[in-house]
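Read through the structure below, which is laid out as structure tokens, and then see the notes.
The values are calculated or read from the model by the stated rules, or taken from the named source; none is laboratory data. Keep in mind that this is a model prediction, so the values were computed, not measured. Neighbour counts run over all protein chains shown; Cβ positions are idealised from the backbone, glycine included.
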Amino acid sequence: MLTCANLVMRFGGVHAIDGVDFELSAGHVHCVIGPNGAGKSTLFKMLTGQLRPSAGSIRLRGIDITGRSTNAIVNLGIGVKMQTPQLFETETARDNIWLGANRRFAPREAVERTAALVEELALGAHADKVVGTLAHGIRQRVEVAGVLASEPELVLLDEPAAGMSDADVADLAELILRRRGRQSFLVVEHDITFVRSIADLVPCSIKVASSSKAIATRFCSTKWSRTSTLGRG
């Protein structure tokens, strides 16, 4: 579904990403892990059109999307949740989700899809509250709902579990696993327990250094069985 070939990202003389190759299969959950500075966020920004690669290509279903804008990439059927919240703070949770649905569906169907997501993500008690008044974990759920509202074929999530309670993280994992198969996911995350609970495949970022290159990043495909599940705190 999504293929990266020899991706390179240079900032001056620093190679933040150096020759990344991987393929994301349809209907699976892939996770990218690694320490701070390993290049995870840089990779995510290239995949979502926030950065144009210095070299290499990104293809979605064979279509070259390298360097396209985030809006153009979303319109091709990719849902994107950034690390920094992208919500309308003065609007209600329901309206934020509806705006996501309205990107693709007619207003009446967008209302129906919004209602379904409010129920699926257990947001009923918060749906008509202004987003700026909500706790962080609830805001994260609202944003994920907004991303899913347009029924994207591929969902890219950058640290979706950051700052969430154990219970919220467990709910997020269950949501991803319910939708696995119907949608594909690429998740950038630090929380290894969360990653183990959802991942089919992990392109593990490995930071390497040499005398000829300041920093390079390699990725190794690692299959993980879901041997642990998240408990509720």
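Among the residues examined, Lys40 qualifies as among the basic types (Lys, Arg) and at pLDDT below 90. The condition of being closer than 20 Å to Glu189 by Cβ and surrounded by 20 or more Cβ atoms within 10 Å (Cβ to Cβ) holds for only one of Phe44, Phe22, that being Phe44. Selection of segment 1-31 for residues being free of Cβ contacts under 8 Å to residues at least 60 places away in the same chain and either in a helix (DSSP H, G or I) or small (Gly, Ala, Ser) (or both) yields Ala5, Gly12. The set of residues in segment 143-164 being more than 16 Å from Ala127 (Cα to Cα), touching a Lys or Arg at 6+ places or on another chain (Cβ under 9 Å) and not in a loop (DSSP other than H, G, I, E, B) consists of Val155, Leu156, Leu157, Asp158.
Selection of segment 135-147 for residues being within 24 Å of Arg103 (Cα to Cα) and among the hydrophobic types (A, V, I, L, M, F, W, C) yields Ile138, Val142, Val144, Ala145, Val147.
If you go through segment 125-177 and pick out every residue that is touching a residue at least 40 places away in the same chain (Cβ under 8 Å) and either surrounded by 19 or more Cβ atoms within 10 Å (Cβ to Cβ) or farther than 13 Å from Leu87 by Cβ (or both), you end up with 35. In the set Gly79, Gly27, only one residue is closer than 26 Å to Asp191 by Cα, modelled with pLDDT of 95 or more and either touching a strand residue (DSSP E or B) at 6+ places or on another chain (Cβ under 8 Å) or of a type in the set (D, E, K, R) (or both); that residue is Gly79. Give me a count of the residues in segment 32-64 that are within 18 Å of Leu157 (Cβ to Cβ), in contact (Cβ under 8 Å) with a residue 12 or more places away in the chain and not small (Gly, Ala, Ser). Summing the residues that are within 18 Å of Leu157 (Cβ to Cβ), in contact (Cβ under 8 Å) with a residue 12 or more places away in the chain and not small (Gly, Ala, Ser) in segment 32-64 gives 13. Among residues of segment 77-115 being of a type in the set (Gly, Ala, Ser) and over 19 Å from the mean Cα position of the chain (by Cα), the one that is surrounded by the fewest Cβ atoms within 10 Å (Cβ to Cβ) is Ala106. For segment 89-103, residues that are out of contact with any Asp or Glu (no Cβ under 7 Å at 6 or more places or on another chain) and either closer than 24 Å to Phe44 by Cα or among the basic types (Lys, Arg) (or both) total 6. Screening Asp158 against (1) closer than 13 Å to Gln140 by Cβ; (2) out of contact with any strand residue (DSSP E or B) (no Cβ under 8 Å at 6 or more places or on another chain) leaves a single unmet condition, (2).
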